[in-house]
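Structure first, commentary second.
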Amino acid sequence: MAQSSPSEALRPEAITTWLAERTAVRPPLDFELVLGGRSNLTFVVADADARRWVLRRPPLGHVLATAHDMGREYRILAALGEGRTDVPVPPVLGYCADDAVNGAPFFVMDFVDGHVIRSAEDANRLLTREARRRAGEQLADVLAAIHAVDVDAVGLGGLGRREDYIGRQLRRWHRQWEATRVPGIDTIDEVHRALAASVPEQQGATIVHGDFRLDNVILGPDGTVRAVLDWELCTLGDPLADVGTTLMYWVEAGEDGTLLPADGTASEGFVDRAAFAARYAAATGRDLSHIRWYQAFACWRLACILAGVLDRYTAGAMGDQDTSGRFTPDGLRALAERAKEILAAA
């Protein structure tokens, strides 16, 4: 396993001591930065006996005051795991709030073996056609399971305000856009005004994952979802915001998937957007007649998020990860234009 992590993000000796107090560890530890993450830094940690864990910590440098809360993400995983819900998540080992250990809070969870599908090539290489079909259906079923969790029963009732989710999101991400604005992309402001003037009525309040998509889950060889990852945007609110996010990322065969982080669903065998939405609707009973509005909102929000990611890359806060491709002003502009087109069609 290659030592590819930025040295500023890790203090190996202190982490080894912390980890050894909680589980059996045989030094030395090896740390590998997991590529693909665009916000918090994620490392696979291995000891001399090839035991593996996953460590999550905030990005380097300045971040928004309410972002990258390691304790919050740890608490969500702990509440959902160990058989308390039907949501598959990695078992958590511990959380460290003491900056003296590693310079920033972090938590460690078990390593879940399986496949993370980031492209159609990955899907074709790692999954059979039947497994791809099952994976697509499983994503709808697991999202329904997330939205079925009794948040009060698992201790997450205080995770966030339940009402006016979309209004709060529109305000939050537009503030981030104002703080990390890229000149010449006025479409983000235009779409923000149009979205704010046409918000659908919220259908109940549930856990909202915030970034639910194919490459944020770990799949078994048969397409079963073994674990849902990346809960850093999780809160309470409108469940259809999650459905809109998933459908935004869902690339169908023949479509151009280069604008978004992954296009694994374009591989033959995956159900299409309509089938995914129908399966979710059947499992939850929710009305999806305004779902294209939520897709447009998801595109707009992602553009605002990526503006912040681009800002952190420019400041060197994301280590050695590749800054090419969609993390450019042109990429943000294209995403904002897609939001505008979807909203007009909705």
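See the values below:
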item	result
Percent RCO, i.e. relative contact order, over region 7-110, from Cα pairs under 8 Å lying at least 6 residues apart	25 percent
With Cα atoms, 0 to 90° folded angle of helix 187-196 axis to the chain main axis	70 degrees
Relative contact order, percent, the chain [alpha-carbon distance under 8 Å, six or more residues apart]	19 percent
Three-way shape label, region 7-110, alpha-carbon gyration tensor, a/c 1.5	oblate
Cα-based Rg and Dmax for the chain, where Dmax is the largest Cα-Cα distance (Å)	19.6, 58
Gaussian network model of the chain, springs between alpha carbon atoms under 10 Å - residue of T17, T235, T180 with greatest fluctuation	T17
Helix-only mean residue ellipticity at 222 nm for the chain, each DSSP H run of n ≥ 4 adding -39500 (n - 2.57), per residue, nearest 500	-13000 deg cm²/dmol
Net charge dipole size for region 7-110 [Lys, Arg +1 and Asp, Glu -1 on Cβ; Debye, nearest 20]	180 debye
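Here, each number is a calculation from the coordinates, and none is a lab measurement. Everything quoted here is computed from the prediction, not taken from an experiment. All Cβ positions, even for glycine, are placed from backbone atoms using ideal geometry, and neighbour counts span all protein chains on display.
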